[in-house]
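The values are calculated or read from the model by the stated rules, or taken from the named source; none is laboratory data. None of these values were measured; they are calculated from a predicted model. Here the Cβ is made from the backbone with ideal geometry for all residues, glycine too, and neighbour counts use every protein chain on show. When the accessible area is computed, the model is the full protein with side chains, heavy atoms only, and any ligands, DNA or RNA have been set aside. Shrake-Rupley method; radii C 1.70, N 1.55, O 1.52, S 1.80 Å.
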Amino acid sequence: MTGLDNPREMWFEAHGSSSPDVGEQWRLRQGQLVGKLARHQFPEGTFVGSPLQEENLRPEEPLFEVTVQDGSVLARIDVLRPHPAGSWILTEVKSSTLKQRDSEKEAKRDLAFQLVLLERLGLDVAWAEVMHLNPDYTHPGQGQLFKTTRLEEGREDFVEEVIENMPRLSEVLSRPEPPSLWPTRECNSCDCPEKCHRLPEHSIFTLPNLHWSHMEDIIAEGKATLSEVSGHPHLKPRHERYIEAVRSGEPYVDEPAIRSALAELNTPIHFFDFEAIDYALPKFEGTSPWQKIPFQYSLHILRQDGTVGHKEFLHDGDGDPRPALVENMLDDVKPEGSIVVYHDTFEEKRLEELREAFPSHADRLQGMIERLWDQAEVFTWDFIHPDQKGSWSLKNVLPVFAPDLAYDDLDIQHGMAAVVKYGEMIASSSKQKQKTLQGQLLEYCERDTYAMVQIHRGLREMVG
């Protein structure tokens with residue numbers, strides 16, 4: 001499936017030169033837990049874990065983790081169970097809820113690959129299905145944890161895609177060197193250890209918020225540098241402003257718009273950030289698969305006199321972190337004043353979930369929601385610096401305002417690493433390890449909110 005989008009990335013994965021990042025490793029571990037639990041749905045089943053043999057094919061006996069192979073093409077099937085009519089049912093277990101836009105397409109591609117191999121081996125497959133987590137399930141038992149979805153629509157099209165691409169991708173994998181692919185919109189998010197070509201520091205791939213279809217059109221015209229695309233009909237004013245900022249070396253600053261945005265803030269100004277963990281299999285009462293559970297926050301408070309205070313919370317037990325987090329948060333956050341966050345959809349969603357989970361605090365939590373102010377909005381429209389390289393993430397914006405303040409001195413440098421470290425902390429029996437991880441987590445989250453303070457001060461100085 002990787003090869004259908006990016007054959008070069010597929011080559012590196014298959015040759016062991018590319019490994020999952022911490023986020024992918026977390027999801028893989030969660031997926032293993034889901035797969036193990038899914039097998040309990042078929043109590044008569046047998047774990048095979050090896051190539052399919054004729055003696056494995058018994059009536060009324062589901063097979064788990066069976067390997068099927070045709071030449072150099074191999075797949076491991078989650079569940080293969082007999083159909084009363086003598087055929088077979090192919091079940092792919094997914095740890096997702098199948099709610100993501102591309103998850104159904106991914107599932108169909110996955111099933112199609114397995115279907116091709118089973119049919120080549122002469123097995124008649126009655127239907128193919130995905131057993132996935134039910135997004136409507138609520139722990140500890142409201143509804144069914146698993147939901148089964150048949151993905152028959154478009155089945156033949158996806159099978160045809162597999163048959164058509166299998167020889168080409170097999171040939172790519174047999175090469176001693178990875179293929180060069182240039183250009184493609186996949187370059188924008190390529191994870192290959194070695195790039196095909198040296199991209200300019202600023203290119204079509206750093207244009208902020210350029211729609212992927214427009215990117216493909218421009219690439220098809222053989223254009224990639226900013227000088228080549230300037231004036232293109234697909235570009236919007238923000239793209240042209242970015243090109244001009246790169247050309248001049250000076251940021252685009254809409255001072256009236258920034259001044260107006262900052263005027264919306266009321267003191268004391270709270271700079272706030274959550275960290276949240278998500279489990280495929282929900283652990284706490286009232287939670288659902290992959291629901292994000294806040295376990296930590298950092299809060300800097302800028303007072304009217306210009307002084308700054310700091311509050312923080314980190315849950316350190318293995319129980320539900322939310323009750324203690326809510327109590328501490330409502331003590332720390334003042335009942336008046338704006339609450340500045342970076343990309344407010346995350347914090348807003350967490351606060352909405354806490355409001356529903358803790359109705360006795362609903363009014364206070366709703367009040368926090370109504371006071372949210374998104375600092376990232378300034379860098380979406382009103383401020384464009386060439387050093388951001390088209391991104392308005394906090395880590396890309398911070399160096400523009402505080403060059404000496406970064407994240408590379410921290411043991412934890414991004415949110416997914418914080419999730420993994422938190423999981424390690426609450427599972428550890430070593431007090432010393434717990435203390436070390438606790439310090440790393442607090443330091444990381446504090447850096448996020450202090451970064452927002454520094455950016456705020458920089459904007460104030462810029463526009464007066």
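Odds and ends about this structure:
- Rule-of-thumb Rg ratio for region 103-221 [Cα; 2.2 N^0.38 Å; N residues]: 1.48
- Estimated 222 nm signal from helices in the chain, with DSSP H stretches of n ≥ 4 weighted -39500 (n - 2.57), rounded to 500: -12500 deg cm²/dmol
- Note on residue 127 and residue 197: their simple-model spin labels are 4.8 nm apart, each label 7 Å out from Cα toward Cβ.
- Percent RCO, i.e. relative contact order, over region 187-269, from Cα pairs under 8 Å lying at least 6 residues apart: 24
- Carbon and sulfur %, accessible surface of region 129-278 computed with the full protein complex present, 1.4 Å: 47
- Between helix 415-427 and the chain there is an angle of about 70 degrees, using the helix long axis and the longest principal axis of the Cα atoms.
- Region 1-107 - percent of accessible surface contributed by carbon and sulfur, probe 1.4 Å: 46
- Exposed-site-free run, longest, the chain (rule: trypsin sites (Lys or Arg not before Pro); DSSP loop; at most 14 other C-beta within 10 Å): 304-464
- Inter-label distance, residue 138 to residue 87: 3.9 nm, where each label sits 7 Å from its Cα along the C-beta direction.
- Region 11-110, relative contact order [Cα under 8 Å, separation at least 6], %: 18
- The alpha-carbon of residue 311 sits under 25 angstrom from the alpha-carbons of these lysines, leaving out residues fewer than 8 places away in its chain: 292, 334, 349, 395, 421, 431, 433, 435.
- Among [x] 1.05; [y] 1.14; [z] 0.92, the entry that matches Cα Rg over 2.2 N^0.38 Å as calculated here: [y]
- Förster radius 60 Å - calculated FRET efficiency between residue 387 and residue 47 (Cβ-Cβ, nearest 0.05): 0.65
- Residues 452, 1, 416, 10, sorted by accessible area with the largest first, give 1, 416, 10, 452 [1.4 Å probe; ligands and nucleic acids excluded].
- The residues of the chain expose, per residue, 50 Å² of accessible area to a 1.4 Å probe.
- With every protein chain in place, region 323-464: carbon and sulfur % of accessible area (1.4 Å): 47
- The spacing between region 210-279 and region 368-401, judged by their C-alpha centroids, is 9 Å.
- 0 to 90° range, to nearest 10: angle between helix 22-38 axis and the chain longest Cα axis: 40
- Once the C-beta distance of residue 305 and residue 260 is scaled by a Förster radius of 41 Å, the resulting FRET efficiency is 0.95 to the nearest 0.05.
- FRET efficiency, residue 247 to residue 54 (Cβ-Cβ, R0 51 Å, nearest 0.05): 0.15
- Taking the chain and dividing mean pair separation by its residue count, relative contact order in percent (alpha carbons under 8 Å, at least six apart): 13
- Loop-resident sites, region 88-174, for GluC sites (Glu not before Pro), counting at most 14 other Cβ within 10 Å (DSSP): 152, 153
- Projected label distance in nm at residue 442 and residue 216, using a 7 Å step from Cα toward the beta-carbon: 5.0
- Helix 322-332 and the longest principal axis of the Cα set of the chain meet at an angle near 10°.
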